[in-house]
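Undergrad: Can you keep this structure in mind? I'll have questions shortly.
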Amino acid sequence: MGLNLVQKIIKAHLVSGEMVPGSEIGIRIDQTLTQDATGTMAYLQFEAMGIPRVRTKRSVSYVDHNMLQTGFENADDHRFLQTIAAKYGIYFSRPGNGICHQVNLERFAVPGETLLGSDSHTPTGGGIGMLAIGAGGLDVAVAMGGGPFYLNMPKVLGVHLTGQLPPWVSAKDVILEILRRLTVKGGVGKVLEYYGPGVASLSVPERATITNMGAELGATTSIFPSDDVTRAFMKAQGREDEWEPLAADPDATYDEVLEIDLSQLVPLIAKPHSPDNVVPVTEVAGTPVQQVVIGSCTNSSFVDLMRVAQILKGKTVHSDVSVSLAPGSRQVLEMIARTGALADLVSAGVRILESGCGPCIGMGQAPASGAVSVRTFNRNFEGRSGTADAKVYLASAETAAACALTGKITDPRTLGEPVRVDLPERFIIDDRMVIPPAARPEEVEVIRGPNIKPLPTRGPLETEIKATVLLKVGDNITTDHIMPAGAKILPLRSNIPAMAEYVFSRVDPDFPARAKERGGGFVVGGENYGQGSSREHAALAPMYLGVRAVIAKSFARIHRANLINFGIMPLVFANPADYDAIDRDDELWISGLPEVLFRNEPFAVQNVTKKTSFLVRHNLTAREAQVLAAGGLLNYTRQHGQG
């Protein structure tokens, strides 16, 4: 029996375990990427391992999330990132060079290689045929040190594409349709592999839009084959020598198959406050819009922005709408400038932002109170925009441009003749904003600002834990709920004591004080706890506050791994109905640690307050149990080395 593409790449990189769905495997990592919101901590962790130089084929440090320099903190962190990259063999993409996923796709992604990134949208690289996986910064630090990345062997969901996209329907509508069908939990434990005759009709940037937003399904990653379309893109980037053809064997099979006829799709939009709350644009057409923002790692490519420029050329954005646009990379910005498209956008009344993440991570462009904001982003979680009561919709670049012109949610098909933009035969290639590692690393001084504090750790797991329930939350709690971002908090990313003051601040502002007063405790959650961003601060800061375990109905993949990495037990209710019997301030007691974690069976948690007990499962591998027993991955790595 033949192999699918996912199995081929994993087989070529397998260092431990067996390729049986659900069992733990370790894979060799070829490339890593970090961004500044997660990278500062990742490099502090790498430094703590005492390894003189990265052991990957290539590691790149990007500055794209937090470039707003309202104080010294961000500039200090950028200087730290640049000097530590020079010293340890890491390429450094300077502020303004662009969003990590867009730049990596353009300049570094290689079909068939593995990429581990400290950002949940790392699967963007799947658009070029990489096995690209998002993870916490500590996992990336270990991979930079030459250690394997551990994950459960995923099931492979084959997405069979037929037909071609109709006019005014885009790649964004493809992934919105899949989210509509599968929901934000539908990809958990799976990789989506796209195949079929419809694949050839999609460009690499379009494929990357689809794989990027596959992260919202909870999927491990998504991937397209590497074909002649891939080759043309890489040739236009001056990297044809790194191309190779990759596809599933003709007799390959999949664990599940999803059929998508591209010709039957219509413009779609995700309503507040979840990426899977998807309906046809026609269903909400006419809704007044106060803001449109175009960009993010999902829809900021040359083709996306050229389409927007063509739609707006010679026109003016609606008087009631504030329209902003962030190019995905310096390459994209320079190219739309040289074609004249940038002038068309400015003339139409569009506000041009830096090449970076910006509003997608809550860094600027917060909507007005109660405003409707249509964005080409990948997430519309409540409050993520920076305005608590804003109503954020997610749509394609074409739909966003239509809304910008009309001042209301508008089906782009009503605009008339469709716009057409082809990929250029040659992109502008200028890598001067990517600084290679120092030739003499021993001469590099790592510069640390006063906001960079020592990395907090915890000791080995206690033999018993008796503590209170500090907080009880519901389903689909995101890492934005746990550890918010935004212009006020992100500058504290390398200062965990300061950042910890904002843990759960949007859910319960008193949480940090209560956690410190009680010496830590438990958090109780519902389904899909920890979905969204990969930010390990959502585990690291609660660990600093003394959280010992999170007991939930289910966990999102990356956040579960981050909890383990920082010594917090992710426990699952054996009977989900037991969730209802627990209240905040209940005292819980777990005994027999860490031995109960090494047994593959449920164990009891005593509710001392209510004089009852309930069973939990841990679903830990033997290695994960050892990590928890050691008090986290950093302690474990020091004890066991990198292999």
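Undergrad: Tally time: how many residues in the range 562-597 are more than 30 Å from the chain's Cα centre (by Cα) and surrounded by 23 or more Cβ atoms within 10 Å (Cβ to Cβ)?
TA: Just the residues of the range 562-597 that are more than 30 Å from the chain's Cα centre (by Cα), to begin with: 575, 577-578, 580-596.
Within this subset, residues satisfying the condition of being surrounded by 23 or more Cβ atoms within 10 Å (Cβ to Cβ) are 588, 590.
Total satisfying the criteria: 2.
Undergrad: Right, another one. Being on the phi > 0 side of the Ramachandran plot and more than 20 Å from the chain's Cα centre (by Cα): is that true of G459 here?
TA: Working: on the phi > 0 side of the Ramachandran plot: no; more than 20 Å from the chain's Cα centre (by Cα): yes.
For G459, the condition - on the phi > 0 side of the Ramachandran plot and more than 20 Å from the chain's Cα centre (by Cα) - is not met.
Undergrad: Considering only residues that are in contact (Cβ under 8 Å) with a residue 40 or more places away in the chain and either among the aliphatic types (A, V, I, L, M) or surrounded by fewer than 17 Cβ atoms within 10 Å (Cβ to Cβ) (or both), which ones fall in the range 219-234?
TA: Step one: filter the range 219-234 for residues in contact (Cβ under 8 Å) with a residue 40 or more places away in the chain, giving 219-226, 230, 232-234.
Of everything in the range 219-234, those that are in contact (Cβ under 8 Å) with a residue 40 or more places away in the chain and either among the aliphatic types (A, V, I, L, M) or surrounded by fewer than 17 Cβ atoms within 10 Å (Cβ to Cβ) (or both) turn out to be A219, I223, A232, M234.
Undergrad: Could I ask something else about it? Is it fair to say I51 is more than 20 Å from the chain's Cα centre (by Cα), buried (at least 21 other Cβ atoms within 10 Å of the Cβ) and either assigned by TED's automatic domain parsing to the domain that holds P225 or outside any strand (DSSP E or B) (or both)?
TA: Numbers: more than 20 Å from the chain's Cα centre (by Cα): yes; buried (at least 21 other Cβ atoms within 10 Å of the Cβ): no; either assigned by TED's automatic domain parsing to the domain that holds P225 or outside any strand (DSSP E or B) (or both): yes.
No: the conditions fail for I51.
Undergrad: If you don't mind, another one. Against the condition touching a helix residue (DSSP H, G or I) at 6+ places or on another chain (Cβ under 6 Å), farther than 23 Å from V293 by Cα and buried (at least 20 other Cβ atoms within 10 Å of the Cβ), how does A401 come out, does it pass? Before you say what the answer is, go through the steps one by one.
TA: Working: touching a helix residue (DSSP H, G or I) at 6+ places or on another chain (Cβ under 6 Å): yes; farther than 23 Å from V293 by Cα: no; buried (at least 20 other Cβ atoms within 10 Å of the Cβ): yes.
No, not satisfied.
Undergrad: Moving to a separate point now. Restricting to helices (runs of 4 or more DSSP H) lying wholly in the range 438-517: which have 1 or more residues that are modelled with pLDDT of 95 or more and aromatic (F, W, Y)? I'd like the intermediate steps shown before the answer.
TA: Numbers: elements: 479-482, 496-499, 511-517.
Hits in the range 438-517: 511-517.
Undergrad: Quick one: R535 ticks every box in (1) under 19 Å from the mean Cα position of the chain (by Cα); (2) at positive phi except a single one, so which number is it?
TA: (2)
Undergrad: Sticking with this one: Any residue in the range 92-103 that is in contact (Cβ under 8 Å) with a residue 24 or more places away in the chain and in a loop (DSSP other than H, G, I, E, B) sitting within a Cβ distance under 7 Å of a residue that is surrounded by fewer than 24 Cβ atoms within 10 Å (Cβ to Cβ) and not charged (D, E, K, R)? List the pairs, counting only those 6 or more apart or interchain.
TA: If the second residue must be surrounded by fewer than 24 Cβ atoms within 10 Å (Cβ to Cβ) and not charged (D, E, K, R), the pairs left are R94/M433; R94/I435; P95/M67; P95/H78; G96/M433; N97/M433; N97/V434.
Undergrad: Out of (1) within 24 Å of C360 (Cβ to Cβ); (2) hydrophobic (A, V, I, L, M, F, W, C); (3) touching a Gly at 6+ places or on another chain (Cβ under 8 Å), the odd one out for F149 is which?
TA: (1)
Undergrad: Here's something else I'd like to know. Kindly establish whether I9 is within 23 Å of the chain's Cα centre (by Cα), β-branched (V, I, T) and assigned to a helix (DSSP H, G or I). Talk me through it step by step, then tell me what you get.
TA: Values: within 23 Å of the chain's Cα centre (by Cα): yes; β-branched (V, I, T): yes; assigned to a helix (DSSP H, G or I): yes.
Judged against the criteria, I9 is a match.
Undergrad: While we're on this one: Do you know which of the residues in the range 472-488 that are of a type in the set (V, I, T) and under 19 Å from the mean Cα position of the chain (by Cα) is farthest from E536 (Cα to Cα)?
TA: From the range 472-488, those of a type in the set (V, I, T) are 473, 477-479, 482; that's our starting set.
Add one more test, that the residue is under 19 Å from the mean Cα position of the chain (by Cα), and what stays is 477-479, 482.
Details: I477: 15, T478: 12, T479: 9, I482: 11 Å.
Among those residues, the one meeting the criterion is I477.
Undergrad: Hey, does the range 353-366 have a residue that's in contact with a Pro (Cβ under 8 Å, 6 or more places away or on another chain) and either of a type in the set (F, W, Y) or assigned to a strand (DSSP E or B) (or both)?
TA: Checked the range 353-366: no residue is in contact with a Pro (Cβ under 8 Å, 6 or more places away or on another chain) and either of a type in the set (F, W, Y) or assigned to a strand (DSSP E or B) (or both).
Undergrad: For the range 290-328, which positions are hydrophobic (A, V, I, L, M, F, W, C) and part of a loop (DSSP other than H, G, I, E, B)?
TA: Looking only at the range 290-328, we keep the residues that are hydrophobic (A, V, I, L, M, F, W, C), and these are 292-294, 297, 302-303, 305-306, 308-309, 311-312, 317, 321, 323, 325-326.
Of everything in the range 290-328, those that are hydrophobic (A, V, I, L, M, F, W, C) and part of a loop (DSSP other than H, G, I, E, B) turn out to be C297, V317, V321, A326.
Undergrad: Additional query: So which residues in the range 382-398 are surrounded by fewer than 20 Cβ atoms within 10 Å (Cβ to Cβ), within 20 Å of the chain's Cα centre (by Cα) and not small (G, A, S)?
TA: Result: E382, single match.
The values are calculated or read from the model by the stated rules, or taken from the named source; none is laboratory data. Just so it is clear, the structure is predicted and the values come from calculations on it, not from any experiment. In this analysis, Cβ positions are derived from the backbone assuming ideal geometry, glycine residues included, and neighbour counts consider all displayed protein chains.
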